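The values are calculated or read from the model by the stated rules, or taken from the named source; none is laboratory data. Quick caveat, the model's predicted, so the values are computed rather than measured. A quick note on method: Cβ atoms are made from the backbone with ideal geometry, for glycine too, and the neighbour counts reach across all protein chains shown. Keep in mind that these areas ignore ligands, DNA and RNA; they rest on the heavy atoms of the full protein, side chains included. Shrake-Rupley method; radii C 1.70, N 1.55, O 1.52, S 1.80 Å.
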Amino acid sequence: MCIINPFSALRPAPDKVSKVASHSVERYSKEEIKQVLAHNPISFLQVINPVDTTQNTTMHLNNIKGKLQEFVAQKIFIQDDSSCFYIYRQIKNGRHHLGIIGLASVEDYNNSSIKIHEQTLAQREEKLKEYLDVCEFNAEPVCLTYPHNKGLNEIMQAKTKEAPVYDYEIDGISHAVWIVNKPGEIELIQKLFKNIPAIYIADGHHRAASSARLAEMRKSANPKHTGKEAYNFFTAALFADDELTIFSYNRIVKSLNGLTVDAFLNELRKNFRVSLITEKANEPDKNSLFLYLEKNWYNIMLGDLKRQPNDPVNNLDVSILSNYILSPLLGIKDLRHDHRISFIPGIKTADAIEKIVDSGKATAAFCLYPVSFEELILVADSGKEMPPKSTWIEPKLESGLLIYSL
């Protein structure tokens, strides 16, 4: 049972939305950010990544808060008069993603009604908490997922037959938003979510954790705490399991840990069947990996290494890669901090991976079969976590589209 509430969003004026809403900062290169800041004065990047010479963190965050207030004063942003749910649709490369944006409960996160599958870093949680505390807004929702629900799907499909408040395209990605503001429709959506036993974080573990930290801090400082304060909630984009696309998160390594190519391949053959790929495939099959090394692609069959049928984490292909190859052969035990490994989303092509390795920036690349939704659920329900960077999940939500004021 999960509480999902409507909210009164601060959002771009309809005639400005295509220029205001932006991708997450992490999805831009430094050069791309410079280009946007120089040529688009109303991009949300002007708010969240302003040109700022101060080295003081609190002053920097106050500048972000002040910039948003400027955008509101200039009517770049408007605010809805009442609490609403928002139906959001994204179309990218022919893939349709339809979901509901509202508020999720920190209490549900804390009691595991909202379940996690990924470990977070305390340092990053604290940094994001400070951001929320000073800036006082949620600009990018946590992506949550739930088993397909017929009632919620019918509501969303019916709403898309109406005229959207936003319908625009940027960078080849189509975005549309519909407002749900009728009391009866709002109550029905809340009731349907309350009947779902558990909801799962698909993307945004650190954003959810930092909101929980903020709520704990503000609750302790508020003797009149009721549980209804704004800090008890965070923005969430909720998609049914069949509205999400899960891609692999591939690994690129800088060295073979002192092994020659032949020696490394021979070590692999002690546990796996390794064969040269003569015709390039898009991705490996389940229970196999692709290795790109010295301009050759290899197929690594995982075979019968899944010796723990009741262990949902160590049975993952990504875990077998870590446990049998990265750690024992390449000495890479800490995926979060070892500088010898980096990660590349499964949306990148084989040509892009070849380019990175062939340039000398890396020595080898491992490509994985994507984790399934069922595997994600098994891990979350077990109370365990996947290895870092196990999934790349789409849709990726825009920043500054629907803002929740704290």
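Just a few scattered comments:
- Taking 261, 379 and ordering them by how much accessible surface each has at a 1.4 Å probe, largest first, produces 261, 379.
- Entry note, the chain: the mean residue ellipticity at 222 nm calculated from DSSP H runs of n ≥ 4, each adding -39500 (n - 2.57), is -9000 deg cm²/dmol after division by the residues and rounding to the nearest 500.
- Amide H to amide H distances under 5 Å link residue 202 with 143, 144, 145, where only residues 5 or more positions off or on other chains count and H is placed in the peptide plane.
- Protein-only accessible surface order, largest first, of 274, 177 at 1.4 Å: 274, 177
- With all protein chains modelled, accessible area of residue 187 [1.4 Å, Å²]: 120
- The heavy atoms of residue 39 offer some 140 square angstrom of accessible surface to a 1.4 angstrom probe.
- For region 281-377, a simple Cβ point-charge model (Lys and Arg +1, Asp and Glu -1, everything else neutral) yields a dipole of about 280 debye relative to the Cα centre.
- Dipole magnitude for the chain: computed about the Cα centre from +1 point charges on Lys and Arg Cβ and -1 point charges on Asp and Glu Cβ, it is near 420 debye.
- If you count Lys pairs in region 244-358 whose Cα atoms are under 21 Å apart, skipping same-chain pairs closer than 8 places in sequence, the total is 15.
- In sequence order, region 36-48 has phi-based couplings of 5, 4, 7, 10, 10, x, 10, 5, 5, 4, 4, 7, 8 Hz under the Karplus curve 6.51 cos²θ - 1.76 cosθ + 1.60, θ = phi - 60°, and Gly or Pro positions carry x.
- Looking at region 235-319, the GluC sites (Glu not before Pro) that sit in a DSSP loop and have at most 14 other Cβ atoms within 10 Å of their own Cβ are 279, 294.
- Surface accessible to a 1.4 Å probe, residue 371 within the full protein complex, Å²: 10
- Listed by chain and number, the lysines whose C-alpha is less than 25 Å from the C-alpha of residue 16, apart from same-chain residues fewer than 8 away, are 30, 34, 65, 67, 75, 92, 159, 161, 396.
- Largest to smallest accessible area among 30, 333, 129 [probe 1.4 Å]: 30, 333, 129
- Cross-link partners of residue 191 among aspartates and glutamates (Cα-Cα below 15 Å; sequence separation of 8 or more within a chain): 154
- Point-charge dipole on Cβ atoms (K/R +1, D/E -1) for region 3-79, about Cα centre, debye to 20: 140
- Principal axis dimensions, largest first and in whole angstrom, of region 96-200 by Cα: 45, 36, 25
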